[in-house]
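The structure under discussion appears below in the form of structure tokens.
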Amino acid sequence: MRPRALLACATGLAVLLMSGCGGASSPETDSPPSPPPSAALPPQAEPAPAPTRSKPPKPPKPPLRPLPAKLPAGLVRTTGVPEAALTFDDGPDPVWTPKVLDRLKKAKVTATFCVVGTQVRKHPELVRRIVREGHQLCNHSWRHDLDLARRPVAEIRADLVRTNKEIRRAVPDAEVPFYRQPGGRWTAEVVKVARELGMRSLHWTVDPKDWAKPTAATIKKRVKRSARPGAVVLLHDGGGDRAATLAACNGVIAALKRDHGIAALR
Ligand SMILES: [Zn+2]
């Protein structure tokens, strides 16, 4: 076939394709018949665009449930005994978790570790060490989704189940008695789902905001100042550089031991 004839063929095909698309998308418009290809197209027609791969359209995400104005009922916020409890969130972390565990072992105290599913998947050996050394586990969601509690109940459930499955892949018979909502952004729905899965919802009473990277001295001062009998103290062994938290560990533990004693959550 001669080049000119080939071009005419290709452009004619392009027009057919394009008018077919337009017709399908607006069947209600009574459009005039297409002019012949030779009249409609300039002599140097551009090639028709490659057809885009058709993916099934994603269903729109349901809107997030609003956060309640105050914390929902059913949260564990104190130990229920005079002693205080230590909790460490966002791990396990290969740098900080072993060091925190060393501090706890030396001080002969146990803590509760609120672990994130994706971290558990990466560091199952650390979950095994946490359990082996007598600490408790708490589900802290699959990927630390701050909005998880506001999502559809089925989505909340799937996230919590997935995280517990990953924990039990690391430690087959692990007990996970607690769930802690990332950011403390609780809803009644997430508390209910956690309960249905056998977990109590663990909040806290003392937050020294170690995640905002204050100095170790500030962390210790904040804990000491606000800890009351039965306090649940929130600290972090993951989610970033935890050097200050680690440096504060010995002082925080000593102060809590002296003022209240430290006990495991029950
Ligand atoms: Zn967290």
*asked:* What's the total number of residues in region 229-266 that are within 16 Å of the ligand (Cβ to nearest atom) and either on the phi > 0 side of the Ramachandran plot or not hydroxyl-bearing (Ser, Thr, Tyr) (or both)?
replied: 11
*List the pairs whose first member sits in region 111-123 and is surrounded by fewer than 24 Cβ atoms within 10 Å (Cβ to Cβ), whose second member is hydrophobic (A, V, I, L, M, F, W, C) and in a helix (DSSP H, G or I), and whose Cβ atoms are under 8 Å apart, counting only residues at least 6 apart or on separate chains?*
Gly117/Ile167
_Please go through region 178-189 and give me each residue that is within 12 Å of Asn139 (Cα to Cα) and either more than 15 Å from the ligand (Cβ to nearest atom) or touching a helix residue (DSSP H, G or I) at 6+ places or on another chain (Cβ under 7 Å) (or both), ordered by number._
Tyr179, Gln181, Pro182
*Out of all the residues in region 178-202, which are under 17 Å from Gly91 (Cα atoms) and of a type outside the set (Phe, Trp, Tyr)?*
Arg180, Gln181, Pro182, Gly183, Gly184, Leu202
*Hand me the list of helices (runs of 4 or more DSSP H) wholly inside region 21-134 holding 3 or more residues that are at pLDDT 95 or above and assigned by TED's automatic domain parsing to the domain that holds Asp237.*
96-107, 117-122, 124-132
*Criterion violated by Ala154 - all others in (1) away from the ligand (no atom under 16 Å from the Cβ); (2) in contact with a strand residue (DSSP E or B) (Cβ under 9 Å, 6 or more places away or on another chain) satisfied*: (2)
_Residue count for region 163-183, restricted to those that are of a type in the set (A, V, I, L, M) and more than 12 Å from Gly117 (Cα to Cα)_ = 3
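The values are calculated or read from the model by the stated rules, or taken from the named source; none is laboratory data. Predicted model, so just to flag it, every value in this text is computed and none were measured. With ideal geometry, Cβ positions are generated from the backbone for all residues, glycine too; neighbour counts draw on all protein chains shown.
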